[in-house]
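Enquirer: Please find one structure pasted underneath; my questions will follow.
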Amino acid sequence: MHHQQLLRISTKGKSLYKITSKIESIVAESGVKVGLCTIFLRHTSASLIIQENADPDVLLDLSNFLAKLVPESAPYIHNAEGADDMPAHIRTALTHTSEQIPIAQNRLVLGTWQGIYIWEHRERSQQRELVVHIMGGVILASGNISIASPKE
């Protein structure tokens, strides 16, 4: 069974945006009891990461580290969309634009302290799109897994 949904997230500039609950809702709606959730961010100037969800200092430290690693003040050739454009592309290249998370009992199998985040690397507000693709099945009374839709 496959379930796919496009998710649009508005960002308000450079920051980390927690999207765990939105992804969890899509998994719950899918009806998949056991499987895999793939999340793909359709952009080259933002990232998708799984990171600490309890202490906001972790997210601040990550942002500060990446800002030092990839400064906006460097003499980049590509600057068509502003001084933050090329650094945003580099930051995305150093991180991820997709994640895969197992599903068990119709829930994401994340660790206690893990959250899913869009990491916006641009200064301005953006409309970001994620494709959430869920594949898997349901557990039958026999203990076998059926990949047919429960509605079939």
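Coordinate-derived values only; no laboratory data. Here the structure is a predicted model, which is why all the values come from computation and not from measurement. As a convention, Cβ positions derive from the backbone with ideal geometry for all residues, glycine included, and neighbour counts pool all protein chains shown.
Enquirer: Under the Kirkwood approximation applied to all pairs of distinct alpha-carbon atoms, what is the hydrodynamic radius of the chain in Å?
Expert: With all distinct Cα pairs of the chain included, I get 16.7 Å.
Enquirer: Same structure, new question: Just give me a number: lysine pairs in the chain, eight or more positions apart or cross-chain, with C-alpha atoms less than 19 Å apart.
Expert: Lysine pairs, 8 or more places apart or on different chains, close enough: 4.
Enquirer: Still on this structure: For the chain, what does the relative contact order come out to in percent, with C-alpha contacts under 8 Å and a separation of six or more? Can you show the working numbers first?
Expert: Values: 304 pairs, mean separation 74.6, N = 152.
Dividing the mean separation by the residue count of the chain yields 49 percent.
Enquirer: Another question about this same structure. Can you pull the one-decimal nm distance between simple spin-label points at Gln4 and Val58, each 7 Å off the Cα toward Cβ?
Expert: 3.2 nm
Enquirer: Can you show me the helix-derived [θ] at 222 nm for the chain, built from DSSP H runs with n ≥ 4 at -39,500 (n - 2.57) apiece and divided by the number of residues, rounded to the nearest 500.
Expert: Per the formula, -7000 deg cm²/dmol.
Enquirer: Still on this model: Report the FRET efficiency, 1/(1 + (r/R0)^6), for Asn79 and Tyr17, where r is their Cβ-Cβ distance and R0 is 30 Å, rounded to 0.05.
Expert: Once rounded, the FRET efficiency stands at 0.75.
Enquirer: May I ask for the net charge around Leu69, where only other residues with Cβ less than 14 Å from the Cβ of Leu69 are counted and Lys, Arg are +1 while Asp, Glu are -1?
Expert: 0
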